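Q: Below is a structure I'd like to ask you about.
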Amino acid sequence: MCKQDKKKKRIYRLPPIPAYDIEGTESWLESMAKQGWFLSGSGFFAGVAIFEKGEPKAIRYRLDAAPKSTGVWSDGGGEPDEEARAISEALGWKYVASRGNFYIYSSDDPAAQEFNTDPQVQALALDLVRRRERASLVSTIIWAAIYPLCMAYGSVLMMMIALGTGLFLLGALLVTWAACRSLVQVLHLHKLQKQMRSGEPLTHKKDWRKRAVWHKAEPFLFFVLALAWGTGLFQVWSANVTEEKQQDLKTYRQELPFGTMEALIPGAEFEWDDFGLGNTIEVNSDILAPEVITLSQFGTLSLEDGAAIEGALYVDYFETLTPWMAKELAREYQVYDRHKNRRHYQTLQLPDLGVDYAAAYTAIFPTVILTEDNRMIRISFHQYSDRNTMPLEEWAVILAEEFKAHG
Amino acid sequence: MPKKALENLTESMFYVLMALNHAPMCGIEIAAFIEQRTEKAIRIGPATLYTLLAKFEKEKYIREIEVDGRRRTYQITEKGTKAYSDEVARLKRCIADAEKEGEFDDV
């Protein structure tokens, strides 16, 4: 205990043991009491323990499995019911605070009966806590892992590139970390219950210093990473909402690695259709896809005989790291489009386009997916004039040639 | 290990049922009864006591008959009485078997 602490009346400490470690928590609190620091009625705030100064003494602390949530918004405000407190007080124990799934009681009367006198009954009390933690573990896995994958129809690679591989992996790490924490807690409580059911009581003495540094650092590290992930996610969302990375396609001068509407009829006059949206291009980059281009183009191709083809071209282009990734991305996009547009999805026939992989379908608009080496492109062409239309077999061939030529 | 938690009563469970079989009581009275009846050989802890009261109430071995501030009075039910008397019978059989062995005549 440092000299400065001795002068203070209140100190704040990161717990060196996890909330589910009953014996560790009891030993630590007793050790603090011997130094004159007693857990305050405020207990723990944001994971930090609050201690108040007093005369050093030997005091017993005991943890009691809470039959219901200890959250502030739960029934009873997260405190034990009145009967439990009355019985405890009558037998020499005082309720102090709660932490995690446990109530913390203390007694400075050495003659007071031990808080739990029947380990098998204590095992019964732990049952509810174990069930809550098991439900929490299942919930974490379902909502943080299975649900997002289901919403994306299993398109992991697509999600990684859209979110950013770094951000995706950090999210996966946090989910795994949270699930592991929950699992460790469930296993620890299971081990304790097994011990209690065999009639063996807890010893209330544990060397809590052994892994103190890790247990203090771990929640802080998790919080920092979660904050970083949240910030990253917000930035991605914000960029999508404000469309800050979108550029005007009409003034875009860089060469594109694929063909656009102008390529469909060489020599035809191309005029931009400006509906106030569309005619945009967004260029991104990711670890797994060094070049990602999203394009939407609205225009009219006018032929010499006065005929015109009016339409909108939507392109998603990816240059990935390997041919396998390009093919996997193509598969995932197809699956995604099939599930998302179940009512309109229909497979279409394509001639041989001379690329590694080609598929065509209609998912609202006629769509072609092509891969060549490590590149993949998804092109949807919506022709909104009935007067002149270019059949899929024609525009797919032209755009496939353009795609191969830019490889 | 019993498949169900209350299949075999532990010592604490037995004495709590004994107390309530004697008369309706609140938690503090149960603790005092047990200590007095066993001549301080058994002193039930508070967490053990209120965990058992909650469990017995859920399993319908006891029912709450009165609430007065923080004090709740319980009464044993038919199911609880049966569980208690079954346990007494079981313990008597154990003692009878031990006495047949003849090793504990002086107890």
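The values are calculated or read from the model by the stated rules, or taken from the named source; none is laboratory data. It should be emphasised that the depicted structure is a prediction, and the values quoted were computed from it without experimental measurement. So basically every Cβ, Gly included, is an ideal-geometry build from the backbone, and we count neighbours across all protein chains shown.
Q: Considering only segment B:69-92, how many residues are outside any helix (DSSP H, G or I) and free of Cβ contacts under 8 Å to residues at least 40 places away in the same chain?
A: Residues that pass the stated criteria total 3.
One line per residue, one yes/no per condition, for (1) more than 29 Å from the chain's Cα centre (by Cα); (2) within 14 Å of chain B (Cβ to nearest Cβ); (3) closer than 27 Å to residue A:37 by Cα:
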| site | (1), (2), (3) |
| --- | --- |
| A:67 | yes, yes, no |
| A:85 | yes, yes, yes |
| A:104 | yes, yes, yes |
| A:113 | yes, yes, yes |
| A:126 | yes, yes, no |
| A:132 | no, no, no |
| A:140 | no, no, no |
| A:153 | no, no, no |
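Q: Six or more apart or on different chains, Cβ under 8 Å: which pairs go from a residue in segment A:298-309 that's in a strand (DSSP E or B) to one that's of a type in the set (Lys, Arg)? Could you list them?
A: As it stands, the answer is A:308/A:387, since those pairs meet every condition given.
Q: Limited to segment A:340-385, what total is found for residues that are at pLDDT 95 or above, part of a loop (DSSP other than H, G, I, E, B) and small (Gly, Ala, Ser)?
A: Result for segment A:340-385: 0.
Q: Of the residues in segment B:59-73, how many are more than 10 Å from every other protein chain (Cβ to nearest Cβ) and on the phi < 0 side of the Ramachandran plot? Write out each step before concluding.
A: First, the residues of segment B:59-73 that are more than 10 Å from every other protein chain (Cβ to nearest Cβ): B:59-63, B:65-66, B:68, B:73.
Within this subset, residues satisfying the condition of being on the phi < 0 side of the Ramachandran plot are B:59, B:61-63, B:65-66, B:68, B:73.
The qualifying residues number 8.
Q: Can you confirm whether segment B:49-68 contains a residue that is among the charged types (D, E, K, R), in a loop (DSSP other than H, G, I, E, B), surrounded by fewer than 16 Cβ atoms within 10 Å (Cβ to Cβ) and out of contact with any Gly (no Cβ under 8 Å at 6 or more places or on another chain)?
A: yes
Q: What's the total number of residues in segment A:331-344 that are under 19 Å from residue A:364 (Cβ atoms) and out of contact with any Phe, Trp or Tyr (no Cβ under 6 Å at 6 or more places or on another chain)?
A: 9
Q: Mind listing just one residue for me: the one in segment B:33-46 that is more than 7 Å from every other protein chain (Cβ to nearest Cβ), of a type in the set (A, V, I, L, M, F, W, C) and assigned to a loop (DSSP other than H, G, I, E, B) and, of those, surrounded by the fewest Cβ atoms within 10 Å (Cβ to Cβ)?
A: In this case the residue turns out to be B:41.
Q: Something else: So residue A:94 passes all but one of these: (1) crowded, with 19+ Cβ neighbours inside 10 Å; (2) more than 21 Å from residue B:55 (Cα to Cα); (3) within 14 Å of chain B (Cβ to nearest Cβ). Which condition number does it fail?
A: (1)
Q: Take residue B:101 and decide whether it is more than 14 Å from chain A (Cβ to nearest Cβ) and either among the hydrophobic types (A, V, I, L, M, F, W, C) or exposed (fewer than 15 other Cβ atoms within 10 Å of the Cβ) (or both).
A: Working: more than 14 Å from chain A (Cβ to nearest Cβ): yes; either among the hydrophobic types (A, V, I, L, M, F, W, C) or exposed (fewer than 15 other Cβ atoms within 10 Å of the Cβ) (or both): yes.
Considered against the rule, which asks whether it is more than 14 Å from chain A (Cβ to nearest Cβ) and either among the hydrophobic types (A, V, I, L, M, F, W, C) or exposed (fewer than 15 other Cβ atoms within 10 Å of the Cβ) (or both), residue B:101 comes out as yes.
Q: Can you go through A:17, A:22, A:50 and tell me which one is within 30 Å of residue A:123 (Cβ to Cβ) and in contact with a Ser or Thr (Cβ under 8 Å, 6 or more places away or on another chain)?
A: A:17
Q: When only residues in segment A:161-171 that are in contact (Cβ under 8 Å) with a residue 24 or more places away in the chain and in a helix (DSSP H, G or I) count, which is surrounded by the fewest Cβ atoms within 10 Å (Cβ to Cβ)?
A: A:166
Q: Applying the selection to segment B:5-32, what residues are over 10 Å from the mean Cα position of the chain (by Cα), within 14 Å of residue B:84 (Cβ to Cβ) and assigned to a helix (DSSP H, G or I)?
A: B:22, the sole residue that qualifies.
Q: Only one residue in B:20, B:49 is more than 10 Å from chain A (Cβ to nearest Cβ) and either closer than 18 Å to residue A:82 by Cα or modelled with pLDDT of 95 or more (or both), so which one is that?
A: On inspection, the qualifying residue turns out to be B:20.
Q: Restricting attention to segment A:248-271, which residues are assigned to a strand (DSSP E or B) and surrounded by 14 or more Cβ atoms within 10 Å (Cβ to Cβ)? Step through it out loud before you land on a result.
A: Here is the first cut: in segment A:248-271, the residues assigned to a strand (DSSP E or B) are A:248, A:269-271.
Of everything in segment A:248-271, just one residue is assigned to a strand (DSSP E or B) and surrounded by 14 or more Cβ atoms within 10 Å (Cβ to Cβ), namely A:270.
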